Amino acid sequence: MEEEATRKRKMPQSSQADKELRMETRENKSLQQNLVQEAILSSSTVQESNRDEKRQRSDRRKDSKPIPGCSEEERPTLCQESGQSFSQSNTTGQHQMIHNGERPYECTECGKRFQTSSNLLKHQRIHTEERPFRCPECRKGFKHNSHLIRHRRIHTGERPYECGECGMSFSQSSNLICHQRIHTRERPYECEQCGKSFSKHFNLICHQNIHAEERPYKCGECGKGLNQGSKTDHP
């Protein structure tokens, strides 16, 4: 009888403990769910903040002018004038100078201005007589690489410029242009003295020497050439 009474007294205590354990478990689950929700909200807020910051950086890149010589890596940017895409903002800025006419690089020797530093360096070789591009065949030096490429065709015999009319080829594009005037009969170089025209500038210069010999006297006021007869009649 005593054992049965003892068992009956213990049963409610055990049931109460189980109930408390279940309540504690539910509270823990609820707490974990709250923590997960807070983490999700926090992550979402951070992502939204990052998106806003990226948009602000993008807007600043569009509105700001790039500093010449800057090498900061950025997303591709688009020129609003021509639609060309560039990987760096300083490249975009240099390109946009073509549209706005800006020439920030000035030659200290003659004051001539350029849009890019590379063009300024090329120009400065006029003053320094620097000839960094040398022909491996004859060691002749040139100021520009394009001049070296054109010169080397003398050694290689390359004639990449071909006339579409007769198939004749040339080593220089300027020679092809002069040749094509044979077919078009174009004579763009006109003598101011007599109005005679020529297809080549060199031929005009040679022709003008005839007038110089005919008019050995020059007016001190206007510089016009005069012969013996017109010298007295010239006002």
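Each reported figure results from applying straightforward, stated rules to the coordinates on display, with no laboratory input. Since we're looking at a predicted model, the values are computed, not measured. We place every Cβ from the backbone using ideal geometry, glycine too, and count neighbours over all the protein chains shown.
Assorted remarks:
- Checking the Cα-Cα distances for Lys143/Lys200; Lys122/Lys218; Lys122/Lys200; Lys143/Lys196; Lys143/Lys218 against a 31 Å cut-off, the pairs over it are Lys122/Lys218; Lys143/Lys196; Lys143/Lys218.
- Mean separation of Cα contacts under 8 Å (6+ apart) over length of the range 131-186, as relative contact order %: 20
- Convex hull volume of the C-alpha atoms in the range 131-186, normalised per residue: 76 Å³.
- Coupling constants for the range 102-117 follow from the phi torsions by the Karplus curve (6.51 cos²θ - 1.76 cosθ + 1.60, θ = phi - 60°), and in residue order they are 6, 9, x, 9, 10, 6, 6, 7, 10, x, 5, 10, 9, 7, 10, 5 Hz; glycine and proline get x.
- His207 paired with Met168, simple spin-label distance in nm, labels 7 Å along Cα-to-beta-carbon: 1.9
- Virtual spin-label span in nm between Arg159 and Asn119, 7 Å along Cα→Cβ: 3.5
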